[in-house]
Amino acid sequence: MKNSMTTIQPGELGVANITFTNGISSKKCPILVLWLDGNDIVAAVVTSAQPRTQTDVFLKYWSIAGLRVPSTLRLSRLDCLEKSLLIATTGQISEPDAKVLKTIWDAFIKPQFKFENLVRSNCNKKPPGWGTVSYSRGVNNQVINTQSRYSNPNKMIQITSTKCQ
């Protein structure tokens with residue numbers, strides 16, 4: 001395992017302190033870094049359980065990636081974590097496993113609603129909380145508010161003004 005002080009990159013596997021949804025307890029879990037967003041890591045959880053849904057990716061080359069046991073990547077379990085919660089890096093996803101991940105991502109990981117319908121029904125309305133992410137995990141699992149570039153109110157205004165006429 002490499003020390004987490006090294007620069008983490010998308011495609012790398014590591015171990016992070018993941019807080020359970022109850023917000024009280026946590027455990028060390030293997031993760032795959034999908035992308036970086038400032039001081040945050042967007043990651044998918046890695047488990048030793050067998051694939052159970054269409055969004056699970058069995059990592060055929062798990063040992064080359066630095067994992068100790070055969071592993072499954074759960075694309076349905078994404079976490080946004082501060083980089084400080086990364087404990088160590090263990091390796092990198094193999095190219096063949098990365099290709100399978102991308103194929104499954106492109107096929108199944110997308111919004112389950114039609115954006116055009118939302119825009120028409122919400123003309124001149126801004127959703128509550130638009131422009132902020134309400135809950136992010138911070139150091140020592142404290143809840144903090146952060147701005148998100150993905151919830152840009154200006155984009156919503158531009159889109160609604162063209163769709164609502």
Item to complete: Would you point out which residue out of 23, 66 is part of a loop (DSSP other than H, G, I, E, B), loosely packed, with under 15 Cβ neighbours inside 10 Å and either aromatic (Phe, Trp, Tyr) or on the phi > 0 side of the Ramachandran plot (or both)?
Response: 23
Worksheet item: Given the conditions (1) among the polar types (S, T, N, Q); (2) within 22 Å of residue 107 (Cβ to Cβ); (3) part of a strand (DSSP E or B), and given that residue 53 satisfies all but one, which numbered condition is not satisfied?
Response: (3)
Response to the item:
residue 58: passes all of (1) assigned to a strand (DSSP E or B); (2) farther than 24 Å from residue 19 by Cβ; (3) touching a residue at least 60 places away in the same chain (Cβ under 8 Å) but (3)
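What residue, of 86, 32, is at pLDDT 95 or above and within 13 Å of residue 14 (Cα to Cα)?
Step by step, each of 86, 32 is checked, and only 32 is at pLDDT 95 or above and within 13 Å of residue 14 (Cα to Cα).
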Worksheet item: Among the residues of region 92-111, is any within 23 Å of residue 8 (Cβ to Cβ), touching a residue at least 12 places away in the same chain (Cβ under 8 Å) and of a type in the set (Lys, Arg)?
Response: no
Worksheet, complete the sentence: Matching residues in region 61-81 (in contact (Cβ under 8 Å) with a residue 40 or more places away in the chain and over 14 Å from residue 44 (Cα atoms)) number 3
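The values are calculated or read from the model by the stated rules, or taken from the named source; none is laboratory data. The structure displayed is predicted, hence computed values, not measured ones. Neighbour counts run over all protein chains shown; Cβ positions are idealised from the backbone, glycine included.
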